[in-house]
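Asks: To start, I am sharing the structure in question, which I have written as structure tokens.
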Amino acid sequence: MIWSFKEDRPIYSQLMDQIKLGIISGEWLPGTKLPSVRELAQEAGVNPNTMQRAMADLEREGLVYSKRTSGRYITEDEAMIDKIRSDIAVENINNFIESMKKLGYTPQDTLNAVVKAVEEVEEV
């Protein structure tokens, strides 16, 4: 996983988002054992305490779970993963629509631009 951070939000929150993205994109499959907190922290270049906080919050959300002495695993609840994927998609779509409104696009202009962009991508 490639880790990147911005200064606009706490690192642990960005870690959570990036781990979620890894899960919903299929990089980490349901039931997969995650690397240890130390390994993930080293890979991401962050303090292990920061990674621990992110993992604890993901565990509270139910996206990961711990097995005593065995480590943390991705939930096997695919409905939960699908809901998170859908929620993130809706958030991204809403942000996109707001950006297009700020550019002066009408809903139809926005839809036309999206259709055109999709057609161009499919041609490649």
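The values are calculated or read from the model by the stated rules, or taken from the named source; none is laboratory data. Model, not experiment: these values are computed from the prediction. With ideal geometry, Cβ positions are generated from the backbone for all residues, glycine too; neighbour counts draw on all protein chains shown. Accessible surface is based on the protein model in full, side chains and every heavy atom, while ligands, DNA and RNA are left aside. Shrake-Rupley method; radii C 1.70, N 1.55, O 1.52, S 1.80 Å.
Asks: Report the GluC sites (Glu not before Pro) located in the stretch 15-85 that are in a DSSP loop and have at most 15 other Cβ atoms inside 10 Å of their Cβ, or state none. Could you put the intermediate results ahead of the total?
Replies: On the way: sites: 27, 39, 43, 59, 61, 76, 78; in loops: 27, 76.
Loop-located and lightly packed - 27, 76.
Asks: Report, ordered by chain and residue number, the aspartates and glutamates lying within cross-link reach of residue 6, taken as a straight Cα distance under 14 Å and ignoring same-chain residues fewer than 8 apart.
Replies: 17
Asks: Next question, about the same structure. In nanometres, what is the gap between the two model label sites at residue 32 and residue 117, each 7 Å from Cα along Cα-to-Cβ?
Replies: About 2.7 nm separates the two model spin labels.
Asks: Still on this structure, I have one more. Once label points are set 7 Å from the Cα along Cα→Cβ at both residue 5 and residue 69, what is their separation, rounded to one decimal in nm?
Replies: About 3.4 nm, to one decimal.
Asks: I'd like the accessible area for residue 81, computed on protein heavy atoms only with a 1.4 Å probe and all protein chains in place. Round to 10 Å², please.
Replies: 10 Å²
Asks: Then there is this: Using only protein heavy atoms and a 1.4 Å probe, report how much of residue 1 is accessible, in Å² to the nearest 10.
Replies: 60 Å²
Asks: Using the Cβ atoms and a cut-off under 12 Å, what net charge is assigned to the surroundings of residue 94, where Lys and Arg are +1 and Asp and Glu are -1?
Replies: So the surrounding residues net to -2.
Asks: Per DSSP helix of 4 or more residues, -39500 (n - 2.57); summed, then divided by the residues of the chain. What does that give at 222 nm, rounded to the nearest 500?
Replies: Values: 5 runs with 78 residues, N = 124.
Roughly -21000 deg cm²/dmol at 222 nm, from the helical runs in the chain.
Asks: Another question about this same structure. Mind grabbing the accessible area of residue 70 for me, 1.4 Å probe, Å², rounded to tens?
Replies: 40 Å²
Asks: What's log10 of I(q)/I(0) for the stretch 32-124 at q = 0.21, 0.25, 0.26 Å⁻¹, Debye sum over Cα points only, no solvent?
Replies: -0.99, -1.24, -1.29
Asks: Right, next: Enter the angle in degrees (range 0 to 90, nearest 10) between the Cα long axis of helix 107-123 and the first principal axis of the Cα atoms of the chain, meaning the one along which they spread out most.
Replies: Helix 107-123 sits at roughly 70 degrees to that axis.
Asks: Return the carbon/sulfur percentage of the accessible area of the chain, one whole number, probe 1.4 Å, all protein chains in place.
Replies: In the chain, the share of accessible area belonging to carbon and sulfur is 53 percent.
Asks: Round to the nearest 0.05 the FRET efficiency obtained for residue 52 and residue 97 when R0 = 41 Å and r is the Cβ-Cβ distance. Let's see the in-between values first.
Replies: On the way: r = 36 Å, r/R0 = 0.89.
Efficiency, rounded to the nearest 0.05: 0.65.
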